[in-house]
Amino acid sequence: MKILALETSAKAVSAALSEDGRILASGYQDTGLTHSRTLMPIVEHLFRNTGLTMADCDAVAVAAGPGSFTGIRIGVAAAKGLAFAAEKPAVGVSTLAAMARNVAFADGLVLCAMDARRSQIYNAVFLAENGHLTRLTPDRAIALEELAQELREDSRPKMVVGDGARLCCDYLSGAGLSCRLAPPHLIMQNAASVALEAEDLAAAGGLVSAQDLQPVYLRPAQAQRLKL
């Protein structure tokens, strides 16, 4: 199965092509430019240099959330458009589950963290054992203080990954919990991990139509909160 995967959940943007567990090509950019400006040129570059087209892909995958509201909207809209135009199915992938794959080799707890503002992070906790990940919590928005309390009695090694990893690790360390950051080249979310997560979801029946692909925000956007 060939998959085109998109990752736009935070400041960086990336895209990747995978086939049966192998990354064929990937592109990553973190230069402060908007995703609406950078995403499609990366996709076009991947297709041009691999000689593949959307017609060769079996599905389009996207990090559907949680994450930046604007980033998620751009990624999901792009995935829906590409899938619809090519008459391909889509796969919405948890941003947190995908980033956990970056460090599945590190036995112990994997703490996925994205800065959700207001002293909260978007978080999920996984157990990594021999390269296999087991989900221990749902995707959630959680206060750093609450996460620290939850982990206080757990002595297993803890590795933190994601664009909010340093914020999370600094807080946990200050609260007396031992943890470490993922290696620099693995700490950020990326489309290669989205592609691999999507392959597993697709094999388990997780394909949907372009029309049915939806973002996952976990909480209302700031404009909606202020309106309320």
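Rule-based calculations on the coordinates, nothing more; no lab input. No experiment lies behind these values; they were computed from the predicted model shown. When we count neighbours, we look across all protein chains shown, and the Cβ atoms used for this are built from the backbone with ideal geometry, even at glycine.
Before moving on, here are some points about what is shown:
- Once the Cα atoms are used to define both axes, helix 191-203 deviates from the longest principal axis of the chain by about 80 degrees.
- Peptides 206-217, 191-202, 19-30 ordered by average Cβ neighbours within 10 Å, highest first: 191-202, 206-217, 19-30
- Within-11-Å neighbourhood charge of E129 [Cβ basis; K, R +1; D, E -1]: 0
- For the pair the range 112-132 and the range 1-58, the centres of their Cα atoms are 24 angstrom apart.
- Evaluated at q = 0.10, 0.14, 0.17, 0.19 Å⁻¹, the base-10 log of the normalised Debye intensity for the range 61-180, with identical point scatterers placed on the Cα atoms, takes the values -0.33, -0.60, -0.82, -0.96.
- A Förster radius of 30 Å, combined with the Cβ-Cβ distance separating H185 from E129, puts the computed FRET efficiency at roughly 0.85.
- Dividing the convex hull volume of the alpha carbon atoms of the range 78-133 by its residue count gives 99 Å³ per residue.
- Taking Cβ atoms as reference points and 12 Å as the exclusive limit, the residues near S14 contribute a net charge of -1, counting Lys and Arg as +1 and Asp and Glu as -1.
- Reported label for calculated Cα extents along the principal axes in Å given (1) 56, 43, 30; (2) 52, 47, 34; (3) 51, 36, 32: (2)
- Using equal-weight Cα scatterers in the Debye expression, the normalised intensity of the range 159-204 in log10 at q = 0.16, 0.19, 0.25, 0.28 Å⁻¹ is -0.54, -0.65, -0.82, -0.92.
- Beta bridges assigned by DSSP with both partners in the range 1-84 are antiparallel in approximately 75 percent of cases.
- Linear extension gain, E44 paired with S119, 0.36 nm per residue minus alpha-carbon span: 23.2 nm
- Cα long-axis angle, helix 165-174 against the chain (0 to 90 degrees, to the nearest 10): 10 degrees
- Straight-line cross-link partners of K88 among the aspartates and glutamates, defined as a Cα under 14 Å from its Cα and at least 8 positions apart when in the same chain: D56, D58, D212.
- The long axis of helix 69-86 is offset from the longest Cα principal axis of the chain by roughly 30 degrees.
- Other residues whose C-beta falls under 9 angstrom from the C-beta of Q189 contribute a net charge of -2, scoring Lys and Arg +1 and Asp and Glu -1.
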